[in-house]
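A short write-up of the structure that comes next.
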Amino acid sequence: MSTAHKATMLGTGLIGMFYAKTLHRNRRSDRIVNVYSRTEENAKSFAKNWGISSWTTDMGEAIHSDESDVVIVALPNHLHKDAVIEAARAGKAVLCTKPLARNAREAKEILEEVEKAGVFAGYLEDLVYTPKTLKSLQSAQNGDLGQILWVRSRETHAGPHSDWFWDVEKAGGGAIVDMGCHCIEIARDFIGKDILPVEAMCWADTLVHPIEAEDHGIGMVRYENGAIGQFEVSWGFRGGMDLRDEVSGTEGTVWMNHFLRTGFEMFTSGESGGYVAEKAESDSGWLFPVGDEVEALGYVDMFTDMFDSIDEGRQPMETFYDGYVVNAIMDACYRSADTKKWEPINLDIWRGATGTSRISAMRPDFDGKVLVKNERMPDGRTKRILKDKKSGEISQEFVED
């Protein structure tokens, strides 16, 4: 049975705005009843804009408020640990935005404290909840794509919106920790969360902005069964926010474009100005608006899953354990960017399978030869590429239809 939940919102930045827009849309019964910000001006403004009755600049007061049963952490990365732990010790269900922490050590502390307290904990990784991703995941889980071989995920834009993102100490990194966390978890979902991530290779550099953290990164994560998760992130991409995923399996392929060039295009002189979409760089010329931004980015299905999971006493699709694994993978990526080598992924806690066999597609047998590939030729015949199982010799033959 559905329950109307009352939430405390910690943070009044862009992500807090998206969360409030999601929870207060239409006639949802779940509401934010109090909000915390580090500045009085932001707290009062946020409360007024979203019809919230109570605000405070005291985080402890907000967390321990008797008004709410859920705490939503939408704070800068360096504040996640203290906020989550205090919420857990207060006995509140706690939902935390991505990444769970700045590194795996912090994430492990958060995970252990929350599990010790026995409270519900949900990892707010919105991009695995986009409508396109959920439908594609269902196809993958139904076997429509066969065994997943390679997942490539890309998130790029001209840079984040708040000052703390650009501070490597507060954020824990740059573009990788900001956006690579999305891409890594998308790959895990398709490859299988039960499959052990083994090692990572990563390039990262600071090419555009005068900061200490990386503003570009490309990484590969190898899984025990041989599958590869690949991410591409940039704070130097011009033209808006580019969110794309590709999933390749032994029996199928999925391409997804979530935000740019999705079929909604508009030209305007820009005389009236106004908001177009997150990370849009212009309000004139040819624009790519987003019809329903919070739905397209996964927030609607994400919060539905979180609150339904609380009501039903089950784990959500994204847990704090998932956030911990993502942090451990990112740690290996940062080490690899320094050493220029494949680096092992160190997981003190692993709850999946081990000894997973490598991906192996079923191949028909032709008189002691295994099929490598079938191909239809321009003349209508079919060519078979074959491998002799004893000698290993590769040969080909034509088959008349």
For the range 321-374, what are the residues that are modelled with pLDDT under 90, among the acidic types (Asp, Glu) and part of a strand (DSSP E or B)? Asp365
Scanning the range 250-272 for residues that are in contact with a helix residue (DSSP H, G or I) (Cβ under 7 Å, 6 or more places away or on another chain) and of a type in the set (A, V, I, L, M), the one nearest to Ser136 (Cα to Cα) turns out to be Val254
Within the range 288-324, residues being in contact with a helix residue (DSSP H, G or I) (Cβ under 7 Å, 6 or more places away or on another chain) and touching a residue at least 24 places away in the same chain (Cβ under 8 Å) number 18
Over 30 Å from His216 (Cα atoms) and β-branched (Val, Ile, Thr): does that describe Thr356? yes
Let me spell it out: the conditions are (1) surrounded by fewer than 19 Cβ atoms within 10 Å (Cβ to Cβ); (2) touching a residue at least 24 places away in the same chain (Cβ under 8 Å); (3) out of contact with any Asp or Glu (no Cβ under 6 Å at 6 or more places or on another chain), and Asn103 meets all of them except one. Which number is the exception? (3)
Can you give me the number of residues within the range 138-171 that are surrounded by fewer than 24 Cβ atoms within 10 Å (Cβ to Cβ) and either touching a Phe, Trp or Tyr at 6+ places or on another chain (Cβ under 7 Å) or not in a helix (DSSP H, G or I) (or both)? 20
Any residue at all in the range 334-343 that is surrounded by 12 or more Cβ atoms within 10 Å (Cβ to Cβ), farther than 30 Å from Tyr321 by Cα and within 39 Å of the chain's Cα centre (by Cα)? no
Is the range 95-113 home to any residue that is out of contact with any helix residue (DSSP H, G or I) (no Cβ under 9 Å at 6 or more places or on another chain) and modelled with pLDDT of 95 or more? yes
Residue under question is Val254, and the condition is that it be in a loop (DSSP other than H, G, I, E, B), of a type in the set (Val, Ile, Thr), surrounded by fewer than 22 Cβ atoms within 10 Å (Cβ to Cβ) and in contact with a strand residue (DSSP E or B) (Cβ under 9 Å, 6 or more places away or on another chain); does it hold? no
For Ala187, work out the one condition from (1) touching a helix residue (DSSP H, G or I) at 6+ places or on another chain (Cβ under 9 Å); (2) buried (at least 19 other Cβ atoms within 10 Å of the Cβ) it doesn't fulfil. (1)
It is to be established whether one or more residues within the range 357-369 are surrounded by fewer than 21 Cβ atoms within 10 Å (Cβ to Cβ) and within 16 Å of the chain's Cα centre (by Cα). no
Residue list for the range 44-67, restricted to those being small (Gly, Ala, Ser), surrounded by fewer than 23 Cβ atoms within 10 Å (Cβ to Cβ) and not in a strand (DSSP E or B): Ser45, Ala47, Gly51, Ser53, Gly60, Ser65
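The values are calculated or read from the model by the stated rules, or taken from the named source; none is laboratory data. What you see is a predicted model, and the numbers here were worked out from it, not measured in a lab. Cβ: placed from backbone, ideal geometry, glycine included. Neighbour counts: every protein chain shown.
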